[in-house]
Ligand SMILES: *[C@@H]1O[C@H](CO)[C@@H](O)[C@H](O)[C@H]1NC(C)=O
């Protein structure tokens, strides 16, 4: 009998501990129909405070910005247009957002992570080589054709490259109102203030001259 109680208590403890941990890792569930972001408020909470529902309108849930291509004339040959809580206040507390990504021929959306979101990508035009790396450093990759869908699990490093002969266009949904992004190369080689060369040279097993050479590419 006593043994049963110990196992029961242990089980309950594990359940509570793991459940709480999971909840902490996601956008919180809404506690009301909507909570349109009040961007003027100086009150800081986990997300934005809610606008008075009396002044909420359809425009708070609307965005016309994904209809046109972003300009891909940049160093990576891609452009991400976001539709998250910053563009659509009605997404506040909803745990979801969209992006449109345009790629020139050969363009790349370089290796990056979204700390708060799983991403499900739909290829509208073109051919993309996509991949992510799990925490055991296993590389999962696929060449996508128009109409294909691919998933990048939450927080894992991933990328897409246009390997076709025409421009590529993607719409992707992300499981956060504000997924956040860290581009790996920029985080390490273009941090402000800079990460010391001694750290990067040891981490990448290269000379400090090579570190400076790479840093020079990001100015
Ligand atoms: C993406 O495209 C928009 C719209 O053309 C442009 O304003 C912005 O500078 C572009 N961003 C990058 C990183 O090229």
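The residues of the stretch 126-140 that are surrounded by 14 or more Cβ atoms within 10 Å (Cβ to Cβ) and without any contact (Cβ under 8 Å) to a residue 40 or more places away in the chain, listed by number, are 129, 130, 131, 132, 133, 140. Which of the residues belonging to the stretch 76-88 are surrounded by fewer than 22 Cβ atoms within 10 Å (Cβ to Cβ) and within 13 Å of residue 59 (Cα to Cα)? Within the stretch 76-88, just 87 meets the criteria.
Yes or no: residue 155 assigned to a helix (DSSP H, G or I), in contact with a strand residue (DSSP E or B) (Cβ under 7 Å, 6 or more places away or on another chain) and surrounded by 14 or more Cβ atoms within 10 Å (Cβ to Cβ)? It is false that residue 155 is assigned to a helix (DSSP H, G or I), in contact with a strand residue (DSSP E or B) (Cβ under 7 Å, 6 or more places away or on another chain) and surrounded by 14 or more Cβ atoms within 10 Å (Cβ to Cβ).
Residue pairs whose Cβ atoms lie under 9 Å apart, sitting 6 or more positions apart in sequence or on different chains, and linking a residue in the stretch 59-72 that is assigned by TED's automatic domain parsing to the domain that holds residue 171 to a partner that is within 14 Å of the ligand (Cβ to nearest atom) and part of a loop (DSSP other than H, G, I, E, B), are 63/87; 65/87; 69/167; 72/104; 72/107; 72/167. Check 113, 93, 127 and return the single one that is more than 18 Å from the chain's Cα centre (by Cα) and away from the ligand (no atom under 16 Å from the Cβ). Testing whether each residue is more than 18 Å from the chain's Cα centre (by Cα) and away from the ligand (no atom under 16 Å from the Cβ) leaves just 127. On the stretch given as the stretch 192-216, residues that are surrounded by 13 or more Cβ atoms within 10 Å (Cβ to Cβ) and either touching a helix residue (DSSP H, G or I) at 6+ places or on another chain (Cβ under 7 Å) or closer than 20 Å to residue 75 by Cβ (or both) total 11. Scanning the stretch 21-66 for residues being within 16 Å of the ligand (Cβ to nearest atom) and over 23 Å from residue 176 (Cβ atoms) gives a total of 0.
Going through (1) in contact (Cβ under 8 Å) with a residue 60 or more places away in the chain; (2) within 16 Å of the ligand (Cβ to nearest atom); (3) touching a strand residue (DSSP E or B) at 6+ places or on another chain (Cβ under 7 Å) one by one, residue 82 falls short only on (1). So is residue 195 in contact (Cβ under 8 Å) with a residue 24 or more places away in the chain, over 28 Å from residue 26 (Cα atoms) and outside the structural domain of residue 110 (by TED's automatic domain parsing) or not? The answer is no for residue 195. Among the residues making up the stretch 191-219, those that are outside any helix (DSSP H, G or I) and farther than 19 Å from residue 114 by Cβ are 192, 193, 194, 195, 196, 205, 206, 207, 217, 218, 219.
The values are calculated or read from the model by the stated rules, or taken from the named source; none is laboratory data. Computed from a prediction, not measured in an experiment: that's the story for all the values here. With ideal geometry, Cβ positions are generated from the backbone for all residues, glycine too; neighbour counts draw on all protein chains shown.
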